[in-house]
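Here the structure comes first, spelled out in structure tokens, and everything after it is commentary.
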There are 2 protein chains.
Amino acid sequence: MGTQERKAREFAAREDLFLDTARKLILSDGLLSLTMARVAAACDYATGTLYQHFSSKEDLLLALSTRMAGDRVALFCRAAAFEGTTRDRMFALSVADVLFAKQCPEHFRLAQYVFTEAVWSATSDARRQAALEGSQPMCEEVRAIVRKAVADGDLPDRGLRNLDLGVGPWTLCLGMHTLVHADGLLSFYDVTRPYGLLLQHIEFLLNGLGWKPLVDDVSSTHVADKVDRLCRDVFSDLCDHESLARLLGDLGTTP
Amino acid sequence: MGTQERKAREFAAREDLFLDTARKLILSDGLLSLTMARVAAACDYATGTLYQHFSSKEDLLLALSTRMAGDRVALFCRAAAFEGTTRDRMFALSVADVLFAKQCPEHFRLAQYVFTEAVWSATSDARRQAALEGSQPMCEEVRAIVRKAVADGDLPDRGLRNLDLGVGPWTLCLGMHTLVHADGLLSFYDVTRPYGLLLQHIEFLLNGLGWKPLVDDVSSTHVADKVDRLCRDVFSDLCDHESLARLLGDLGTTP
DNA sequence: ATCATTTTTTGAATGACGTTCAAAATACGC
DNA sequence: GCGTATTTTGAACGTCATTCAAAAAATGAT
């Protein structure tokens, strides 16, 4: 019975088509003007067919967000696999997140919207489950790094569990992404180069956690150099001259 | 010509009525089922009258969020006025935020939604300006505390400006609020007592910034004790037996 | 108090969407 | 081919946000 499998494959392919198209439409016309009818029409299907895949518009958005998150997870895992001290690897996770934000800025915008109660509660259980499970690998990487750091004696656990120690950098990143995407807020408060600051504060936090080897120099230049090195070693495909320059510009090398 | 003033006063009073009513409706029926018609009807006005005050539904939501933020700012300022070291006061700001989250959980839900691009971009310029200006005092408090800490030699500035140093705790809080309100996420990852962890990580971060006097013991009990003391000294009206017990429960005193 | 004029309120009408579902089309197994 | 099961279709429905012409109320000069 290859029929079932073929159908399943075709169904999955069509779902990808819908999601790809939705992404393109959002990119070109914005999230506001995305309608189910437009997505369907752009794929030459009837509106009703969309509902074979997604229980609601919100469900589609969550599916799209989850798929984008896959790329984020991939970057994350590359960062985690980087050879270096546990501290360097933890730092690299944040850099991966910053690079991802540059590479796919629409992801955080969408994710922020989707995790809103009003949207989240209109999604299907299955899709929510998939969203949570999709980002589980990131958590596992964090847990593993913290575990090794504690085992190696580079990080005192203070009675906290692995993820409880990792939750600090996590929320720091998340909070900064949120600020960056709150339009006008950072410029109102004259906070330039937010991601540069984020990475400096990550270093501060890791120092405060007593994560060895401690970093003495947490200046913006030092952080920029570190990022520069990481980009060469781990993210060379993402940091061509152009984007690296842009990233460093935003990080703010000293004038 | 007192007529103009009276009218302005009545207009402002009606706006308050609309916002109060919207808040109650959200509290009882949820954000999803809030409609402009329902808000108007609940106040015995026609739908069109609402649009004399708010250029769109999103505009109303932003206005509501901004008004709620006023209470947050008030708590913040009380925390900042607390007598103690600059470090204690900085810590107190985060406690104020946690208390506010307990006292008014709907605020962060709403704020998260409102700061979403899809909503934010449908609001009026005036309202956006008001929202930004409304939270400015919080920023000023942070700046002032950092300024004094640096001046007193309790905090090395490392070439960073006042707010650049305060942005760490800020994003840490914001990120945790975001995680807390992403329904199911924290329980999925088995992160209990998020706000207890937040305050511990605030201490870690402040230590990492070299903010004197450094705190040796960043255990959950020590943090809980500190919060306990703050509640007695500064937030006694908010921390009756009940709510304090609940708060400490969530913060997680050692078992 | 009266009346012309301005301002405000009203709520039915409009249009845009998300969502549904009966009918039509297609695929499938025999 | 043919009967049946599955899938697709897109018009129809209901809900809302938003508008605006008409009605009502307020104003202020006489």
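Values quoted throughout were computed directly from the atomic coordinates according to the rules given, and no laboratory measurement underlies them. Please read these numbers as outputs of a predicted model, since none were measured by experiment. With ideal geometry, Cβ positions are generated from the backbone for all residues, glycine too; neighbour counts draw on all protein chains shown.
When only the Cβ of Lys, Arg, Asp and Glu is charged (+1, +1, -1, -1), the dipole of segment B:42-174 relative to its Cα centre reaches about 140 debye. 3J(HN,Hα) along segment B:140-154, derived from phi through the Karplus expression 6.51 cos²θ - 1.76 cosθ + 1.60 where θ = phi - 60°, amounts to 4, 4, 4, 4, 4, 5, 4, 4, 5, 4, 5, 4, 6, x, 8 Hz, with x in place of Gly and Pro.
Note on B:ASP190 and A:THR192: the model spin-label points, each 7 Å out from Cα along the C-beta direction, lie 4.6 nm apart. Classify the protein assembly as shown as rounded, prolate or oblate from the Cα gyration tensor: take a ≥ b ≥ c as the square roots of its eigenvalues, call it rounded if a/c is under 1.5, otherwise prolate when a/b beats b/c and oblate if not. Oblate.
Shown in residue order for segment A:231-238 are the 3J(HN,Hα) couplings computed by the Karplus curve 6.51 cos²θ - 1.76 cosθ + 1.60 at θ = phi - 60°: 5, 5, 6, 10, 10, 4, 5, 8 Hz (x for Gly and Pro). Report the Cα centroid-to-centroid distance between segment A:88-124 and segment B:1-70 in angstrom, as an integer. Between the Cα centres of segment A:88-124 and segment B:1-70 lies a distance of 33 Å. Of the residues B:ILE26, B:ILE202, the one with the fewest other Cβ atoms within 10 Å heads the list, and the complete ranking is B:ILE26, B:ILE202. Ranked from shortest, the separations from the 7 Å Cα-to-Cβ label point of A:ARG6 to its equivalents in the other copies are 8.2 nm. Which of rounded, prolate, oblate describes chain A, given a ≥ b ≥ c as roots of the alpha-carbon gyration tensor eigenvalues and a/c under 1.5 marking rounded, otherwise prolate only if a/b is larger than b/c? It comes out prolate by the Cα gyration axes. Taken residue by residue and averaged, Cβ atoms of other chains lying within 10 Å of the Cβ of A:209-218 number 2. Among the cysteines of chain A, those with no neighbouring cysteine Cβ under 4.7 Å are A:CYS43, A:CYS77, A:CYS104, A:CYS139, A:CYS173. In straight-distance terms, cross-link reach from B:LYS102 covers every one of the lysines whose alpha-carbon lies under 20 Å from its own, apart from those fewer than eight places away in the same chain; here that gives B:LYS24, B:LYS226. Among the residues of A:179-186, the average count of other protein chain beta-carbon atoms within 10 Å of the residue beta-carbon is 5. Sorted from nearest, the other copies put their A:LEU214 label points 0.5 nm away, the label point being 7 Å from Cα in the direction of Cβ. Look at the dipole of segment A:183-245 built from charges on Cβ: of A:LEU205, A:VAL191, A:VAL227, the Cα furthest out on the positive end belongs to A:LEU205. Remark: segment A:159-175, residue by residue, has Karplus-estimated 3J(HN,Hα) of x, 8, 7, 3, 6, 4, 7, x, 6, x, x, 4, 5, 4, 4, 4, x Hz, where x stands for each Gly or Pro and the curve is 6.51 cos²θ - 1.76 cosθ + 1.60 at θ = phi - 60°. Rounded to the nearest 0.05, what FRET efficiency do A:LEU27 and A:LEU214 give with R0 = 41 Å and r taken as the Cβ-Cβ distance? Could you check? Efficiency, rounded to the nearest 0.05: 0.45.
Placing a label point 7 Å from Cα along the Cα-to-Cβ direction at A:THR49 gives distances to the equivalent points in the other copies of 5.0 nm, listed shortest first. Around the Cα centre of the protein assembly as shown, unit charges on the Cβ atoms of Lys, Arg, Asp and Glu (plus for the first two, minus for the last two) sum to a dipole of about 480 debye. If R0 equals 22 Å, the separation of the Cβ atoms of B:SER124 and B:THR3 corresponds to a calculated FRET efficiency of about 0.25.
Applying 1/(1 + (r/R0)^6) with R0 = 35 Å to the Cβ-Cβ distance of B:LEU17 and A:THR35 gives a FRET efficiency near 0.50. The distance between label points at B:ASP225 and B:ASP71 comes to 3.3 nm (points 7 Å beyond Cα on the Cα→Cβ vector).
For segment B:163-229, what class follows from the C-alpha gyration tensor (a ≥ b ≥ c being the square roots of its eigenvalues): rounded when a/c is under 1.5, otherwise prolate if a/b is larger than b/c, else oblate? Judged from the Cα gyration tensor, segment B:163-229 comes out oblate (a/c at least 1.5, b/c at or above a/b).
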